[in-house]
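In what follows, a structure is listed as structure tokens, so that the remarks can point back to it.
Please treat every number below as a calculation from the coordinates, not as lab data. Just so it is clear, the structure is predicted and the values come from calculations on it, not from any experiment. Ideal geometry is used to build each Cβ from the backbone, glycine not excepted, and the neighbour counts take in all protein chains shown.
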Amino acid sequence: MRKTLSFILITFLLMLSGCSTFSIAITASNLNSNTTSFVSEKDDYNTLLNPNGSIGIVRHPTAAAYGWELKFLPSYDPASSYEFQIDLRSCDISMLDIQDRLQDLLLADFDSKTKWPTKLPVGFNPDKIMSLGKSPGLNVRELHNKGITGKGVGIAIIDQPLLVDHVEYKDRLKMYEEIHWEKDSLTAQMHGPAVASIAVGKNVGVAPGADLYFIATWNGTIPGNSVFDVDLLPIAKSIDRFVAVNKLLPKEKRIRVISISLGINAKMQNYTIAMKSIKAAEKQGIYVVYVDSDPFEGMGRAPNKNPDDFNSYSKGFFWKDEAYNNDNLLIPMDSRCVASPTGNNDYVFYSNGGMSWTVPYVAGLYALACQVKPDITPNVFWNIAFETSVTIKITDADNTQDKKEFGKLVNPVKLIERLERTNSK
């Protein structure tokens, strides 16, 4: 079964993991009241949009505050499906003796505010792991060095509230709005900064020169049985909003891709409306990418391995015990260090990424493709991405001797080079 870190569930994961999320009232300090159209909805939701004809930042969500006392380091349980088993984000573990806990630490999540003991196991260097995790990997930075950064291309993201002034993307953020977001939940969440930085972050991102347009939404309800019931209507409204905003932009700077880190299927409320909005966006030349929209899968990487080396990759952590038939394009997913919601200069390392991290990566690659070949279409993009992909050999978890073919790994450099050649003809 595919695992998706759908952003609709993240708030509850944070509460379960012990993270403290807090709420504030709308005040002049966080709401740009002079430039915002405010719509109060029923059932304690708000919509905050820029007035007609303008584009900007409607609100500055406050930083999140994590951290709790740990008297011992948790142990990883392979039988558990819980996401944050060894959650050390913003924790002070400086008094713990963890010198013999290397394997657990290599599966840990931690951030810039985590306080470590003086003595750490050999093979665990948090600063090195975070530095490696910031790289988009697969030699993407070689493209950046050639000026291929997504410059002039707009990437739109629908996700959770953003820490809009984070150093990773603040210079790329052109618009921040909210559609159907909870009135009393006005803190930046962990998911939005992560996906934004993977797409356009100046250190983390695939397309650090692209422009970012962002809408935060809450797309579901929790009925009496406590099972999250996804409602795609806010997603549809957000897509429609991006299409409208795109008409305000110069042709050479328009939004070319919308990233939605959510699996969309026919069992969800207002599925037909959402698909209608997606098709309308596509007719305007905007590619909408979401989990399972196209044949791609997330790859794993041990945190100490070089992200630019194709041989560093393997099956994604959540599907490491499943068979793989090499029909999907493989995208970096695990062991990523991304923008944290806890502060404008903070970063967080996630050992296990989930499919949510692959979607903005694909969006970033598409932005690079748009820069070198402005008439690119999703079909052409995917066809060439598969044709230029790489196959490696990996060892199955249950057989340390027999190596099997593993691929197709996306090859960003070859993909862009091929598109450049086709564009010059």
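Summary of computed values
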read-out	value
Dipole magnitude (debye, nearest 20) for the chain, charges at Cβ of Lys, Arg, Asp, Glu	1440
All aspartates and glutamates inside 19 Å of K393 as judged from Cα atoms, apart from same-chain residues fewer than 8 positions distant	E297, D308, D309, D321, E322, D327, D334, D402, E405
In segment 260-333, trypsin sites (Lys or Arg not before Pro) in a DSSP loop with at most 11 other beta-carbon atoms within 10 Å	K267
Share of Cα-Cα pairs in segment 92-184 lying beyond 22 Å, as whole percent	54
DSSP-loop chymotrypsin sites (Phe, Trp or Tyr not before Pro) across segment 49-121, with at most 12 other Cβ within 10 angstrom	F72, Y82
Proxy reagent accessibility, fewest Cβ within 10 Å first, across D165, D327	D327, D165
Long pairs among K283/K414; K237/K283; K71/K119; K151/K373, criterion Cα-Cα beyond 22 Å	K283/K414
Proximal aspartates and glutamates to K174, defined as alpha-carbon separation beneath 13 angstrom and excluding residues fewer than eight positions away on the same chain	D165, D211
Cα gyration tensor, segment 78-121 - rounded (a/c under 1.5), prolate or oblate	oblate
Diffusion coefficient, µm² s⁻¹, Stokes-Einstein with Kirkwood Rh over alpha-carbon pairs of segment 111-258 at 4 °C and 1.567 mPa s	75
Alpha carbon convex hull of segment 145-222, volume per residue in cubic angstrom	85
Value in Å of the Kirkwood radius, where segment 342-409 supplies the Cα pairs that are averaged	15.3
Max mean-square fluctuation residue, GNM over the chain, Cα-Cα springs under 10 Å, options N325, N139, N306	N325
Prolate/oblate/rounded label for the chain (Cα gyration tensor, a/c 1.5)	oblate
Largest-first principal axis extents of the Cα set of segment 290-425 (Å)	48, 44, 26
Helix-derived mean residue ellipticity, 222 nm - over the chain, DSSP H n ≥ 4, -39500 (n - 2.57), to 500	-7000 deg cm²/dmol
Excluding exposed DSSP-loop GluC sites (Glu not before Pro) (at most 14 other C-beta within 10 Å), longest clean stretch of the chain	70-321
